[in-house]
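For reference, the structure discussed in these notes is given below.
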Amino acid sequence: MTPGTWQAMRRQVKQQAPLEACGLLAGMNGRVEMRIGMHNADRSPMRFHMEPAEQWRAFQRIESAGLELLGIYHSHPNGPDRPSPTDIAEAMYPVVQVIWYCWNGKWGARGWRIEAGNVREILLKHSASV
Ligand SMILES: [Zn+2]
């Protein structure tokens with residue numbers, strides 16, 4: 001993904017802390033072209049949930065742009081940097097789960113793929129050259 005997409009996500013999760021923030025990443029061939037910030041319907045520091053109508057509209061936007069859903073991001077304002085047991089249990093789409101976490105006042109993100117309860121890390125690239 002581009003540095004711009006990366007920074008826009010970081011801005012959103014910082015602004016919405018201490019609540020969890022969330023959103024969608026769409027693109028082609030593993031390359032992110034579109035970021036859609038979503039509302040956390042739970043308004044919670046502990047969990048997130050996307051409102052179904054808003055999610056449906058976002059999926060329509062992605063489809064009409066000829067893109068596919070590549071990732072879902074959300075934040076853990078108090079860590080950890082990996083999916084929680086709830087995240088693993090509720091993972092519904094075979095896409096990269098990007099988790100933003102705050103550690104000692106610094107925000108970072110890691111990517112994870114969750115399949116049938118198994119979790120493995122996916123390296124996220126966000127330099128200008130990829
Ligand atoms: Zn989580």
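Its Cα gyration tensor gives region 25-84 an equivalent ellipsoid; the semi-axes, largest first and in whole Å, are 23, 15, 7. Structure remark: mean-square fluctuation, Gaussian network model of the chain, C-alpha springs under 10 Å; the largest value among W100, W56, W112 belongs to W56. Please work out whether region 69-130 counts as rounded, prolate or oblate from its C-alpha gyration tensor, where a ≥ b ≥ c are the square roots of the eigenvalues and a/c under 1.5 means rounded, while otherwise a/b larger than b/c means prolate and anything else oblate? Oblate, since a/c reaches 1.5 and b/c is not below a/b. Net charge in the neighbourhood of V32 (other residues with Cβ under 13 Å of its Cβ; Lys, Arg +1, Asp, Glu -1) is +1.
Placing +1 on each Lys and Arg Cβ and -1 on each Asp and Glu Cβ, with no other charges, gives the chain a dipole about its Cα centre of roughly 480 debye.
Were the residues from E63 through M92 laid out at 0.36 nm apart, the gain over their Cα-Cα distance would be 8.6 nm. When the Cα positions of A26, A53, N78 are compared along the charge dipole of region 1-79, N78 comes out farthest toward the positive end, with charges on each C-beta of Lys, Arg, Asp and Glu. Computed over protein heavy atoms with a 1.4 Å probe, the accessible surface of the chain works out to 58 Å² per residue.
The values are calculated or read from the model by the stated rules, or taken from the named source; none is laboratory data. Keep in mind that what you see is a predicted model, and the values were worked out from it rather than measured. Positions of Cβ are backbone-derived with ideal geometry, glycine not excepted, and every protein chain shown enters the neighbour counts. Ligands, DNA and RNA are stripped out before the accessible areas are found, and what is left, the full protein with its side chains, is counted by its heavy atoms. Shrake-Rupley method; radii C 1.70, N 1.55, O 1.52, S 1.80 Å.
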